[in-house]
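Single-structure report; data block below.
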Amino acid sequence: MTDIEWADERLGFADLVRAAMPAALMLGALAGAVEFGFIGAHMPLALGFDEAVLLGLATVVLGVVLAGAMLPAAAGIAGRITAGNADTAVALALGLLGGAVAAWHLWPMGGALMDQAGRAPSAAAFFAMPLGVVGVVHVNARYWVRRQSHSASFDPSASTGGLPLIAALTAGAVLVTAFVSSGRSYGTGMALDTDAPVLLITVDALRRDHVSIYGGGTVSTPSMDELGEQGVVFDNAVTPTPDSVPAHAAIMTGMHPVRTGVLSDGHALHPRHQTLATRLAAEGYATAGFVSSAALQSGSGLQQGFQVYDDDFSPVVRGLRRIRTADWAFRAAASWMGPSKADWRRMRAGEQTMGHALSWLRDNGRRPFFVWVHLVEPHAPYQTHGAAGAPQVDHEAMMASGTREYDSRTAASLRDLYAEEVVHTDALIGDFVDAVRDVVDRPMTVVLASAHGEMLGEHGIQFNPSGLYDESVRVPLIIVPHKGSPIHRRVSPQVRLMDIPNTVLAILGIDTVDAIESGDLAGFWNDLQSRDYASFLMGRVGDRFDEGTLFGYRAAKSDGESGEMLKYIWNPASGQSWLYDLGVDPGESVDISLSQAAVVEAMERQVRKELGTAAPEGALVSPESLAIIRAMEGLR
């Protein structure tokens, strides 16, 4: 490495690194403070002041680590470029370091802008900014180095220069950002204090026959039953598709997934679609979402309209993955471990999700709010929660090994584990709703829904929601309106998850949205409506969406009473179709398509008509997110 003269001495590479190190660490600390300011301004997490300070300190520490790691390369390049002038070498090393740190943060933003139409000039600006940072840091560092080098007592390898001042500025910036970001207010004065709050609870993979108010008899779910006794139980609710993101997109937008383009967990909802959260936020409601699955994180588009969107599963420090260096480290660790091993990336326990929601409500529950809480406990892989006699089966290890076939004994144990997951979920819901009602001192509308069911061996489908059979399509739906509760009613006509948005708006006395498919279910318990909503269905042939798609239609018989349903399923790839009379064959074991050719033809026409209104396919989420989602589903 080139020797560098300093006064009458010659400094080698190691001495150059030591000479630049104090200023480099200061630069890293400042960069960390700036990054934390950016995080605090854009972060949708609701952190307490202590949590925000901890995240800020983590950002600063990682900024220092990043600068220290980059300095040797910058010093090596500076030493080769300069002609032995120590002042220039140190200043250039710091300038290059500043540019490298800036590029680390700015270039990914430029790359994201490149993917957006018409944003190329903005992207170019982000790519060019680090060059400007090199010049600014180099000029200032050269002035500082020259001034210090003319001091008789200056020791370049031990100089701390303005370290106290930098430390004070950094600490001040962290404290100010933490104070501002933790002191946010939510909602606006447009919402009156008398407006009713709304609590939406969704559960992934919760089967209808495992909620005891539906009479399945499989397990006892007293908490969900209590909600049903207080409100309206929909006996015949269906999801448009048994996939989590598309089903939740339907719940939030009131539109069928085929018309939003969200066709699988790998697709993201486009911002052009207004969500229920967006509508209520416009009415002045405080809106907050708390999710438990990586599939529903911000990249899914479901965060639209939520002022708080708690989708961060970072270990130890909340929000840690918002720090670019930490996120890169986590990605590297997950790549090395494999997505199926990185539990902290795929999901989090319902206790944590509900704990964050309850903490936010304690601070913000005095004003009208729309809070969505999502649980993933019943979703595969099934886990024990300490119930006596719980089977000792490692479902996650089975899924990680690619196991798809189970012997009868293992399958029975997995069904028992699934039932335990449901019992645990019920207890979580009961404790949470009770705690929320202790915090919220006025009537509240509560909606409980399952995004989709789960196949537990029926029709040869083992422990996933593929296919379009009723075990995965028919879901529990309970609505407890704030007015007139308890009003225990049961509704037998078929309804759909996408009817939730306009129903909530109607309950709140807000104008419903005509431009979406969502119906107003309040008419059922107000005796103003009795007609079923027919439902177009779509699902997967196998475990993976790219293995093929099924389409279907579930509708009441034209000559039958409400609740007497026909189910049509069509596999366009094979040309095969099935028809079931659910009134006499609820288990869908007898295909009557051959004897009902006219009905099959009519339903196929209806399916093709629905497909004719399809929107462009939604944007795919990142490859990394797809890998995590597939790990959650046990896919390889």
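The values are calculated or read from the model by the stated rules, or taken from the named source; none is laboratory data. Since this is a predicted model, take the numbers as computed values, not measurements. Methodologically, a virtual Cβ is constructed for each residue, glycine included, from the backbone with ideal geometry; neighbour enumeration extends over all protein chains shown. Just so you know, the surface numbers come from the protein's heavy atoms only, side chains and all, with ligands and any DNA or RNA stripped out. Shrake-Rupley method; radii C 1.70, N 1.55, O 1.52, S 1.80 Å.
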- prompt: Which residues, taken from the stretch 421-469, are small (Gly, Ala, Ser), open to solvent by 40 Å² or more (accessible area, probe 1.4 Å) and at pLDDT 95 or above?
  reply: 427
field: Count of the stretch 230-264 residues which are under 18 Å from residue 521 (Cβ atoms) and open to solvent by 10 Å² or more (accessible area, probe 1.4 Å)
entry: 3
- prompt: Among the residues of the stretch 429-470, which ones are hydrophobic (A, V, I, L, M, F, W, C) and not in a strand (DSSP E or B)?
  reply: 429, 432, 433, 435, 436, 439, 440, 444, 451, 461, 468
- line: When the stretch 385-395 is checked residue by residue, the ones that are closer than 22 Å to residue 471 by Cα and either among the hydrophobic types (A, V, I, L, M, F, W, C) or open to solvent by 20 Å² or more (accessible area, probe 1.4 Å) (or both) are none
- request: Scan the stretch 596-617 and give yes if some residue there is touching a His at 6+ places or on another chain (Cβ under 8 Å), at pLDDT below 95 and assigned to a helix (DSSP H, G or I), otherwise no.
  value: yes
message: For the stretch 306-322, check the following and say yes or no: at least one residue is free of Cβ contacts under 8 Å to residues at least 40 places away in the same chain, out of contact with any helix residue (DSSP H, G or I) (no Cβ under 6 Å at 6 or more places or on another chain), farther than 30 Å from residue 440 by Cα and not hydrophobic (A, V, I, L, M, F, W, C).
response: no
- prompt: Looking at the stretch 534-547, is at least one residue more than 34 Å from the chain's Cα centre (by Cα) and either open to solvent by 50 Å² or more (accessible area, probe 1.4 Å) or hydrophobic (A, V, I, L, M, F, W, C) (or both)?
  reply: no
task: State yes or no: is residue 381 part of a loop (DSSP other than H, G, I, E, B), of a type outside the set (D, E, K, R) and either under 30 Å from residue 540 (Cα atoms) or open to solvent by 10 Å² or more (accessible area, probe 1.4 Å) (or both)?
output: yes
query: Of all residues in the stretch 508-532, which are modelled with pLDDT under 95 and touching a strand residue (DSSP E or B) at 6+ places or on another chain (Cβ under 6 Å)?
result: 524, 525, 532
statement: All conditions in (1) out of contact with any helix residue (DSSP H, G or I) (no Cβ under 7 Å at 6 or more places or on another chain); (2) open to solvent by less than 50 Å² (accessible area, probe 1.4 Å); (3) not β-branched (Val, Ile, Thr); (4) not in a strand (DSSP E or B) are true of residue 555 except (4)
message: Take residue 411 and tell me if it is in contact with a His (Cβ under 9 Å, 6 or more places away or on another chain) and surrounded by fewer than 22 Cβ atoms within 10 Å (Cβ to Cβ).
response: no
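Yes or no, residue by residue, for (1) modelled with pLDDT under 90; (2) open to solvent by 20 Å² or more (accessible area, probe 1.4 Å):
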{"site": "315", "(1), (2)": "yes, yes"}
{"site": "331", "(1), (2)": "yes, yes"}
{"site": "354", "(1), (2)": "no, no"}
{"site": "358", "(1), (2)": "no, yes"}
{"site": "361", "(1), (2)": "no, no"}
{"site": "364", "(1), (2)": "no, yes"}
{"site": "368", "(1), (2)": "no, no"}
{"site": "376", "(1), (2)": "no, no"}
field: Subset tally (residues that are among the β-branched types (Val, Ile, Thr), modelled with pLDDT under 85 and open to solvent by less than 20 Å² (accessible area, probe 1.4 Å)) for the stretch 1-51
entry: 1
The stretch 333-351, residues that are modelled with pLDDT under 95, surrounded by fewer than 18 Cβ atoms within 10 Å (Cβ to Cβ) and part of a helix (DSSP H, G or I): 333, 335, 336, 337, 341, 343, 344
Count - residues of the stretch 296-308 that are closer than 22 Å to residue 257 by Cα and open to solvent by less than 10 Å² (accessible area, probe 1.4 Å): 4
- request: Name every residue in the stretch 514-530 that is in contact (Cβ under 8 Å) with a residue 12 or more places away in the chain and open to solvent by less than 30 Å² (accessible area, probe 1.4 Å), in order of residue number.
  value: 518, 519, 521, 522, 524, 525
query: Do you know which residues across the stretch 482-506 are open to solvent by 10 Å² or more (accessible area, probe 1.4 Å) and in contact with a helix residue (DSSP H, G or I) (Cβ under 6 Å, 6 or more places away or on another chain)?
result: 485, 486, 488, 489, 506
